[in-house]
Amino acid sequence: MEIDNIVVKNRGITIINRLKDISNKTIINEIYNGLNSKRRYISPKFFYDKRGSELFEKITELDEYYPTRTEKSIISSIGNKICNNYSGINIIELGSGDHTKIELLIKQISPEQLRKVEYTAVDISESAIKKSVSTLKKVFSQLKVTGIIADFINQPDIITNNKQKIICFFGSTIGNFTERERIRFMNNLSSQMRKGDKLLLGFDMIKEHNIIEKAYNDDKMVTAEFSRNVLNVVNNITGSNFNPKEFEHNAFYNAKKERIEMHLKARKDMLIDIESVKESIYIKKDETIHTENSHKFNSEHIKSIGHQAGLSTTDIFTDKKGWFSIALYKKHT
Ligand SMILES: C[S@@+](CC[C@H](N)C(=O)[O-])C[C@H]1O[C@@H](n2cnc3c(N)ncnc32)[C@H](O)[C@@H]1O
């Protein structure tokens with residue numbers, strides 16, 4: 001069912017599609033400008049169509065991909081350290097993906113308090129939102145659940161409301177931003193938080209480089225498939241004719257910039273037609289398209305990221321090996 005921007009509203013679930021406020025032309029131009037720039041790039045947000053979200057879920061289950069299980073182990077034990085009474089709180093999860101991390105947090109809330117809690121998931125992936133909110137509602141029938149399909153970079157007003165909030169941004173998705181994007185994102189977030197609101201932010205930490213590199217180069221090559229799938233998404237949006245098989249997945253640790261870089265490397269010379277803009281681009285063999293950065297952090301970075309946005313760091317929760325951290329920030333004014 002679809003009523004304007006509200007896609008579904010039944011059995012205590014509301015799903016709102018804010019992506020419809022962004023015109024196709026804007027999205028096509030964003031992709032075309034990236035592909036046509038001197039250092040070609042595609043924003044990582046385009047990874048997440050239905051197939052991309054499914055592949056990302058598969059990645060999170062891989063032996064090599066330590067971030068998800070490490071972050072989950074932290075979330076499982078911090079419920080009462082974040083808040084001692086969740087009544088009246090709106091938990092907002094940005095880039096929520098599947099429901100499994102938030103389920104671990106909500107499980108730690110007593111049934112009496114849970115009746116007075118709202119949960120809002122925000123993600124660019126329509127399929128991920130639909131699946132995660134309906135699964136959560138089945139697990140926690142008393143929870144009021146809203147899904148918002150939106151771009152949290154270009155639609156920063158999505159979380160404005162008057163309720164006391166705990167915002168969750170897991171998965172070290174913050175690491176995908178450039179420094180400039182991160183500062184803008186954090187300032188926007190902070191400006192929408194009111195006194196007493198909290199932010200839980202997941203950070204993948206700097207560690208031995210080969211452990212990090214393996215996480216993005218798994219033996220089953222699921223990450224390679226995820227990486228190439230972005231070209232299918234681009235084809236669907238722009239009418240381009242990329243053949244993903246003609247590109248190699250190339251992920252490596254850039255020690256100077258403390259980040260994993262993911263690129264797609266052309267296996268041969270090719271001319272790509274982009275029907276929606278009636279343009280073609282010529283890509284030479286071995287040329288790359290940069291698709292993702294995944295920055296890694298230390299505790300100094302974590303504190304300064306909060307500080308720059310006017311938030312105080314209340315706690316940093318870390319696993320025994322120090323591989324992943326979740327920062328708890330608070331707005332004081
Ligand atoms: C690295 S995954 C993390 C998923 C999940 N939070 C986790 O920790 O496993 C990034 C998530 O953010 C979403 N995402 C990426 N860019 C986005 C954007 N600009 N706006 C909204 N969601 C976005 C993706 O669809 C995906 O679900």
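Of the residues Ser280, Ser276, Ser294, the single one that is part of a helix (DSSP H, G or I) and among the hydroxyl-bearing types (Ser, Thr, Tyr) is Ser276. Within the stretch 119-131, the residues that satisfy the criterion of being without any contact (Cβ under 8 Å) to a residue 40 or more places away in the chain and more than 12 Å from the ligand (Cβ to nearest atom) are Tyr119, Thr120.
Quick one: in the stretch 37-53, which of the residues that are more than 14 Å from the chain's Cα centre (by Cα) and not aromatic (Phe, Trp, Tyr) is surrounded by the fewest Cβ atoms within 10 Å (Cβ to Cβ)? Steps first, please.
Taking the stretch 37-53 and keeping what is more than 14 Å from the chain's Cα centre (by Cα), we get 37-42, 50-51.
Restricting the remaining residues to those that are not aromatic (Phe, Trp, Tyr) gives 37-40, 42, 50-51.
Working: Ser37: 10, Lys38: 4, Arg39: 10, Arg40: 18, Ile42: 20, Lys50: 14, Arg51: 15.
Looking at residues that are more than 14 Å from the chain's Cα centre (by Cα) and not aromatic (Phe, Trp, Tyr), I get Lys38.
When the residues of the stretch 119-132 are filtered to those that are of a type in the set (A, V, I, L, M) and under 9 Å from Ser96 (Cβ atoms), which remaining residue is nearest to the chain's Cα centre (by Cα)? Step by step, filter the stretch 119-132, then rank; the result is Val122. Right, Lys285: closer than 30 Å to Met221 by Cα, in a loop (DSSP other than H, G, I, E, B) and touching an Asp or Glu at 6+ places or on another chain (Cβ under 7 Å) or not? Yes; evaluated as a whole, the condition is true for this residue.
For first residues located in the stretch 249-266 and of a type in the set (S, T, N, Q), partners that are at pLDDT 95 or above and not in a strand (DSSP E or B) and lie 6+ apart or on another chain with Cβ distances below 9 Å form the pairs Asn250/Ser227. For the stretch 127-151, the tally of residues that are within 23 Å of Asp21 (Cβ to Cβ) and touching a Ser or Thr at 6+ places or on another chain (Cβ under 9 Å) stands at 11. When Asp204, Asp197 are screened for being surrounded by 20 or more Cβ atoms within 10 Å (Cβ to Cβ), away from the ligand (no atom under 16 Å from the Cβ) and not polar (S, T, N, Q), only Asp197 passes.
If you go through the stretch 314-333, how many residues are in a loop (DSSP other than H, G, I, E, B), under 13 Å from Leu200 (Cα atoms) and without any contact (Cβ under 8 Å) to a residue 24 or more places away in the chain?
Here is the first cut: in the stretch 314-333, the ones in a loop (DSSP other than H, G, I, E, B) are 319-323, 331-333.
The next check asks that each one be under 13 Å from Leu200 (Cα atoms); those that pass are 331.
Applying the additional criterion that residues be without any contact (Cβ under 8 Å) to a residue 24 or more places away in the chain yields none.
So the answer is 0.
For (1) buried (at least 17 other Cβ atoms within 10 Å of the Cβ); (2) at pLDDT below 95; (3) in contact with a strand residue (DSSP E or B) (Cβ under 7 Å, 6 or more places away or on another chain), each residue gets a yes or a no:
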site	(1), (2), (3)
Ser110	no, no, no
Ala121	yes, no, yes
Leu143	yes, yes, yes
Ile148	yes, no, yes
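The helices (runs of 4 or more DSSP H) located wholly in the stretch 21-118 that include 1 or more residues which are β-branched (Val, Ile, Thr), within 13 Å of the ligand (Cβ to nearest atom) and closer than 21 Å to Leu264 by Cα occupy 24-36, 50-60.
The values are calculated or read from the model by the stated rules, or taken from the named source; none is laboratory data. Note that the structure is predicted; figures quoted are calculated from it, not measured. Virtual Cβ from ideal backbone geometry, glycine too; neighbours counted across all protein chains shown.
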